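Inspection log for the structure reproduced underneath, given as structure tokens.
Throughout, read-outs are computed from the coordinates displayed, never taken from laboratory work. Since the model is a prediction, treat every value here as computed from it, not as a measurement. We place every Cβ from the backbone using ideal geometry, glycine too, and count neighbours over all the protein chains shown.
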Ligand code: THU
């Protein structure tokens, strides 16, 4: 038996002004996307912004439904929209912002497990890691590689492409 451990690296910034330029705009776009959320049930509005390799930003927000499980998180709205609009274009970065009852959240919003799984597959298909920027009022967290959000992730990408 061997005791092993995984090292998860992330950066913490005190606010979006301290972010590197290329992340700053992405964080701004995620905040913009929050405004388009349809979240009358949870009152928790989430925005996600993607920067694609072609320079285009793709914005998504959470879309809820009276039949609750039918709704979808902001991150997957953005990732699936990007995949359907530009199937072959890589994602260069993803930012997430949120507000509750109209107030921006104090702490950064780490994405749900299902969205992390979708991020991992996007990365696996694109073969280039991308950063995830999580925006809160008190701090901003950045992982340079989405894999730090999902250790031991499932993937059948290499089998599926055979
Ligand atoms: N939500 C997201 O859009 N992204 C996340 O990463 C976590 C949760 C949404 C789903 C639901 O509409 C609302 O936030 C409350 O859970």
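Observations, loosely collected:
- Extent along the principal axes, Cα only, for region 1-81: 47, 41, 28 Å, with the longest axis given first.
- With Cα atoms defining each centre, region 37-60 and region 80-111 are spaced 5 Å apart in the structure.
- With helices as the sole contributors, the chain gives -8000 deg cm²/dmol at 222 nm; each DSSP H run of n ≥ 4 counts as -39500 (n - 2.57), and the sum is divided by every residue.
- P(r) tail, the chain: Cα-Cα pairs separated by more than 21 Å, 45% of all pairs.
- Sorting 134, 120 from the fewest to the most surrounding beta carbons within 10 angstrom yields 120, 134.
- Reciprocal of mean inverse Cα separation for region 96-162 (Kirkwood radius, Å): 13.1 Å
- Ranked 162, 29, 92, 43, criterion: other C-beta atoms within 10 Å, fewest first: 162, 43, 92, 29
- All Cα-Cα separations within region 36-113 were binned at 5 Å from zero, giving a P(r) of 3, 16, 26, 22, 17, 10, 5, 0, each value a whole percent of the pairs.
- Descending by average beta-carbon neighbour count within 10 Å, the peptides 122-128, 77-83 line up as 77-83, 122-128, the highest first.
- Ranking of 133, 58, 8, 96 by count of other Cβ atoms within 10 Å, fewest first: 8, 58, 133, 96
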